[in-house]
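Engineer: First the structure, then my questions, so here it is.
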């Protein structure tokens with residue numbers, strides 16, 4: 001199982017040169033629109049272009065679509081300002097009025113070296129990654145990671161829970177990944193592991209904003225919001241990945257085991273009570289998002305909390321399929337899909353009202369976005385992409401709370 005470095009992963013749209021085709025005529029956000037129209041943010045890309053990873057990754061475009069599959073739009077098209085630049089959808093503000101869009105760029109020379117050596121090479125001349133806040137009504141774009149810049153490679157931006165004035169993100173510094181906190185306008189960036197010489201990833205905050213979690217060298221750490229009092233979760237396993245907090249802040253969910261053989265575990269917020277929650281039955285834990293060889297082996301497929309925190313959604317192997325499953329904290333397990341041969345599900349996420357499950361599914365060679373009504377397991381396809389294109393990393397638009 002591999003992770004897309006510092007990206008939350010997302011993509012696609014209009015032709016930037018003759019080698020980047022167009023799935024359909026896009027509608028760009030260039031005028032005011034309804035900011036709360038049950039949108040699903042995701043990324044589209046071309047998946048079958050020859051030339052390896054970069055040839056396809058550079059076609060990524062941040063997109064959004066209504067849950068009925070209509071009204072597709074492409075976000076921040078002006079950020080694609082060259083043939084080797086792309087955008088990815090990376091998240092929403094808590095009220096759903098702002099989209100987080102990552103803008104990436106890689107030089108063809110660096111991409112060629114990476115293909116030849118089958119590994120990433122990050123430096124300021126070969127790579128750029130910044131994270132923008134895009135207002136869904138005005139389409140205004142703000143590059144918050146460029147303010148008082150700390151790195152040429154900044155991703156994973158999220159709104160700090162319970163504090164609308166703060167953001168979190170991850171920056172690559174001297175070859176190491178560091179979790180940061182900053183003001184909403186991008187100022188006052190604070191390195192939460194500034195003394196660390198190890199690679200930190202999977203950065204998240206508890207819902208009350210008082211605690212953080214991350215994995216460093218594939219070991220999970222829990223700490224206070226300012227990075228102090230960091231405590232390693234002692235799993236005894238060499239591979240621990242992607243910690244996320246339960247809605248009530250009492251538990252942390254993550255993967256633990258060995259590389260390509262890891263399973264959902266939970267641990268209490270103080271690092272005690274570790275236990276295995278489910279088994280993925282041999283699933284390697286990553287979804288290939290390209291139809292050509294990818295030296296990075298795809299995108300990590302991690303378990304997620306239900307909105308009420310009483311269960312976890314995850315993916316597991318069943319025959320030659322990867323199926324969607326749900327398990328309660330008391331151990332009640334349910335397989336939600338029973339698919340035809342070769343179907344691969346990935347990246348589940350429950351809707352804010354708890355009624356629907358959003359996920360990706362590769363069927364007949366095409367990666368599409370689907371939703372499922374959890375009351376009766378009724379399924380609806382949201383995207384309608386042609387062979388050679390794919391949809392990845394979907395996220396529900398939050399619904400504002402009316403008081």
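Engineer: For a bin width of 5 Å, list the pair-distance distribution of region 319-392 built from all Cα-Cα distances, rounded to whole %.
Structural biologist: Values per bin, smallest distances first: 3, 16, 25, 26, 18, 8, 3, 1, 0.
Engineer: Something else about it: How far is it, in nm, from the label point at residue 363 to the one at residue 224 when both lie 7 Å from their Cα along the line to the Cβ?
Structural biologist: Result for the modelled spin labels: 5.1 nm.
Engineer: Given the C-alpha centroids of region 37-70 and region 207-277, what is the distance between them in whole angstrom?
Structural biologist: Computed from Cα coordinates, the inter-centre distance equals 30 Å.
Engineer: What is the gain in length, in nm to one decimal, between residue 112 and residue 232 on full extension, counting 0.36 nm per residue of separation less the C-alpha to C-alpha distance? If you can, show how the numbers build up before the last one.
Structural biologist: Working: separation 120, 0.36 × 120 = 43.20 nm, distance 3.81 nm.
Extra length available between residue 112 and residue 232 comes to 39.4 nm.
Engineer: Give the Debye-formula value of log10 I(q)/I(0) at each listed q (0.13 Å⁻¹), with one equal scatterer per alpha carbon of region 276-379, two decimals each.
Structural biologist: For the requested q values the scattering log ratios are -0.45.
Engineer: While we're on this one: Under 8 Å for C-alpha pairs, at least 6 residues apart: give me the relative contact order for region 306-403, rounded to a whole percent.
Structural biologist: Normalised by residue count, the contact order of region 306-403 is 19 percent.
Engineer: For region 50-147, state what percent of all Cα-Cα pairs lands in each successive 10 Å bin, counting from 0 Å until the bin that includes the largest distance.
Structural biologist: 15, 42, 29, 13, 1
Engineer: If you build a Gaussian network model of the chain, linking Cα atoms that sit under 10 Å apart, which residue out of 375, 328, 205 swings the most?
Structural biologist: Looking only at 375, 328, 205, the biggest GNM fluctuation is shown by 375.
Engineer: Given q = 0.10, 0.11, 0.12, 0.13 Å⁻¹, what are the Debye log10 I(q)/I(0) values for the chain, with equal point scatterers placed on the Cα positions and solvent ignored?
Structural biologist: -0.61, -0.76, -0.93, -1.12
Engineer: Separation between the residue 191 and residue 137 pseudo-spin-labels, each 7 Å from Cα along Cα→Cβ, expressed in nm?
Structural biologist: Going by the 7 Å Cα→Cβ label model, 3.9 nm.
Engineer: Between region 368-399 and region 336-356, what's the alpha-carbon centroid distance in Å?
Structural biologist: 9
Engineer: Using only the alpha-carbon atoms of region 183-299, report the extent along each of the three principal axes, biggest first, to the nearest angstrom.
Structural biologist: 42, 35, 27
Engineer: Per DSSP H run of at least 4 residues, take -39500 (n - 2.57); add these up for the chain, divide by its residues and hand me the 222 nm value, nearest 500 deg cm²/dmol.
Structural biologist: Rounded to the nearest 500, it is -1000 deg cm²/dmol.
Engineer: On to the next question. Compute a Gaussian network model of the chain, connecting alpha carbons closer than 10 Å, and tell me which residue from 111, 63, 391 fluctuates the most.
Structural biologist: Largest GNM mean-square fluctuation: 111.
Engineer: Would you kindly state how much longer the chain becomes between residue 48 and residue 292 on full extension, computed as 0.36 nm times their sequence separation minus their alpha carbon distance, in nm to one decimal?
Structural biologist: 87.3 nm
Engineer: Also, quick follow-up: Ordered by packing density, taken as the mean number of other Cβ atoms within 10 Å over each peptide's residues, highest first, how do 352-364, 264-276, 96-108 rank? Intermediate values should be presented prior to the final figure.
Structural biologist: Details: 352-364: 18.0, 264-276: 16.0, 96-108: 21.5.
So the order, starting with the most tightly packed, is 96-108, 352-364, 264-276.
Engineer: Let me ask something else. Just rank 370, 378, fewest to most, by other beta-carbon atoms within 10 angstrom.
Structural biologist: So the ranking, lowest neighbour count to highest, is 378, 370.
Engineer: Quantify how much of the Cα-Cα distance distribution of region 283-341 extends past 17 Å, in percent.
Structural biologist: 48
Engineer: Separate question: Expressed as a rounded percentage, what relative contact order does the chain have, with Cα pairs under 8 Å and six or more residues apart? Before the final figure, lay out each step's value.
Structural biologist: Details: 1085 pairs, mean separation 59.2, N = 403.
It comes to 15 percent, rounded to a whole number.
Engineer: Work out how much length residue 373 to residue 307 would gain on full extension: take 0.36 nm times their residue separation and subtract the Cα-Cα distance, in nm to one decimal.
Structural biologist: So the extension gain works out to 22.3 nm.
Readers should treat all values here as calculations from the given coordinates under stated rules, not as data from a laboratory. Quick caveat: nothing in here was measured; it's all calculated off a predicted structure. Cβ atoms come from the backbone with ideal geometry, glycine included; neighbour counts cover every protein chain shown.
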